[in-house]
Every structure is written in C-alpha cells, then in structure tokens.
Amino acid sequence: MSHPPFSPDQARAARLRIGLTPDQVAAAMSQLGLHRPVEAVLAWESGAVAPSEAELFALADALWCPIPTLMALRPRSLREHRLARRFSAERLALRIGMDPHDYARAENDHRWSGTDRQTLLLADALDLEPEELLRVIGRAGELDGLLRQAVEGRWKQHTVPLARLVDAPERRVAQALRTLHQEYAHFNERYMGHLVARSDHARLREIATERAGWLHALSDRFLHLVGDDARPSR
C-alpha cells in the first residue's frame, strides 16, 4: 500500500510547538511500541521519505497532534477518513463486518461495495455526516442529480428513489421536497417579476446569484429538512 499523505513542514512545526527534539520524538515513539531511529524522524521532516500508516499513527501520538494536521488536508476519500480516525484497513474492515480484501479493494478502487449494514457501521466508525458519507461512497453526485430534477420538475416522482438513497421515511422526504420545490419556484417568480418590470441588470444578477448559491447548498438543505432520520444507504 502507498504511503499516506504527509506534510514534512507540519510534522516539524508540531514538534517545535511542544518543544521536542528529533531524538525525543524517536524515544516517545519507542515508548508507544514503534521503534524507529532518530534518522527516520529527520528523514520524515526533510521530506526524503514519508512515514507508513503505522508510523504516522505513532508520530501523531508522540507529537500530540491530530492525524489530519500531519496529512495537511481535510479528509475527503475513504482512506483519508480512515487514517484520520486511526484505523488500519484491516481493523476497520473487521469493525464493520467486511472481508478485509473486499474493503481494501473498495478503498483502492474508490468503489464502495458494502451492504446497507456495513455502510451504516462505516458511517458510525468514521463519524461521517450523511452528505460526507454519500461523497465517500461515491453517491453524492446521485443525490445532487435527483434533487435538481425534483426541484426543477415533478418532485413527487423523486420521493421514493430519494427516500431509498438516504434511507429516510418517504413522508419526511416528500415534505422536504415540497419545501425545496416551493423555494426554487419562489426564486423563479422573483426573477420573472423583475424581468417583466424591466428591473436593472444588477438586480437580476443578484437574484440569479442567490439562486446559484441555493442550488450549490441543495444537498445540505435537503438533508437538514429530512433531519436525523437520513442515513445514506448503499
């Protein structure tokens, strides 16, 4: 497996923040059960080599530093979320009841193949919010597409597929879609009203910008309206 994302600059900054020398970092890692020479710590900080997953976990503990800080990124992929929660691939697979080889394949291929139960357990283990889970398992685009179709057309026919996608009661999904459809129609009514009234272009651009921002946040708005019952399924 390839090395995890790693920032030499962040590692050095984290060490300096707590006033440790490279020798002390190596000693602290040894106390945690991972023995590496001081030359390894220096090589990580210089960017000559990157730590393995096990080394990254031990280094973060030695530096009292969150994993995402050492990776210098906001976790987006399945692997990055796993690393941020300090899971090895095998340990996470066992936690969600998935064959380790199947999990490794899903992570490497960026194609989730878990069952509904495994997906829910994954969300719990990695502490993923519904929209983030959809993104991680590659279904965020499907949610966005269905919601766009719903607000722009006949929202009722999208109730069942969306309820299945987020594993929420159809009644609550229908209420959310009705609200979103009304909000979208309001944008259009305002725009057309100003267009008929021959308002200046600045006002029309302002409404169009508001609508674009609303559409950009459509998934968040939908999941908020659906509430805590939303649990994205496989």
### Task
Inspect all residues belonging to region 27-35 and state whether any of them is in a loop (DSSP other than H, G, I, E, B) and of a type in the set (Gly, Ala, Ser).
yes
### Task
Output the qualifying pairs, or none if there are none: Cβ atoms under 6 angstrom, residues six or more apart or on different chains, first residue in region 128-152 and under 22 Å from residue 104 (Cβ atoms), second residue in a loop (DSSP other than H, G, I, E, B) and open to solvent by less than 20 Å² (accessible area, probe 1.4 Å).
133/232; 134/232
### Query
Say we look at region 184-223 and pick out the residues that are within 27 Å of residue 167 (Cα to Cα) and either over 27 Å from the mean Cα position of the chain (by Cα) or exposed (fewer than 14 other Cβ atoms within 10 Å of the Cβ) (or both); which of these is modelled with the lowest pLDDT?
216
### Query
When region 93-122 is examined, which residues are found to be in contact with a Lys or Arg (Cβ under 9 Å, 6 or more places away or on another chain) and open to solvent by less than 20 Å² (accessible area, probe 1.4 Å)?
96, 107, 114, 119, 122
### Residue count, region 97-111 (criterion: touching a Leu at 6+ places or on another chain (Cβ under 8 Å) and either touching a residue at least 24 places away in the same chain (Cβ under 8 Å) or closer than 13 Å to residue 82 by Cα (or both))
5
### Query
Would you pick out the residues in region 40-92 that are assigned to a helix (DSSP H, G or I), of a type in the set (D, E, K, R) and either surrounded by 16 or more Cβ atoms within 10 Å (Cβ to Cβ) or touching a residue at least 40 places away in the same chain (Cβ under 8 Å) (or both)?
45, 53, 55, 61, 79, 80, 82
### Message
Can you find a residue that is exposed (fewer than 14 other Cβ atoms within 10 Å of the Cβ), charged (D, E, K, R) and in contact (Cβ under 8 Å) with a residue 60 or more places away in the chain anywhere in region 18-33?
### Response
no
### Task
Tell me which residues, restricted to region 1-17, are of a type in the set (A, V, I, L, M, F, W, C) and surrounded by 14 or more Cβ atoms within 10 Å (Cβ to Cβ).
6, 11, 13, 14
### Those residues of region 151-171 which are part of a helix (DSSP H, G or I), surrounded by 17 or more Cβ atoms within 10 Å (Cβ to Cβ) and within 24 Å of the chain's Cα centre (by Cα), in sequence order
162, 163, 165, 166
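The values are calculated or read from the model by the stated rules, or taken from the named source; none is laboratory data. Since this is a predicted model, take the numbers as computed values, not measurements. Glycine gets a Cβ as well: all are built from the backbone with ideal geometry, and neighbour counts include every protein chain shown. In case anyone asks, the SASA skips ligands and DNA or RNA and just uses the protein heavy atoms, side chains included. Shrake-Rupley method; radii C 1.70, N 1.55, O 1.52, S 1.80 Å.
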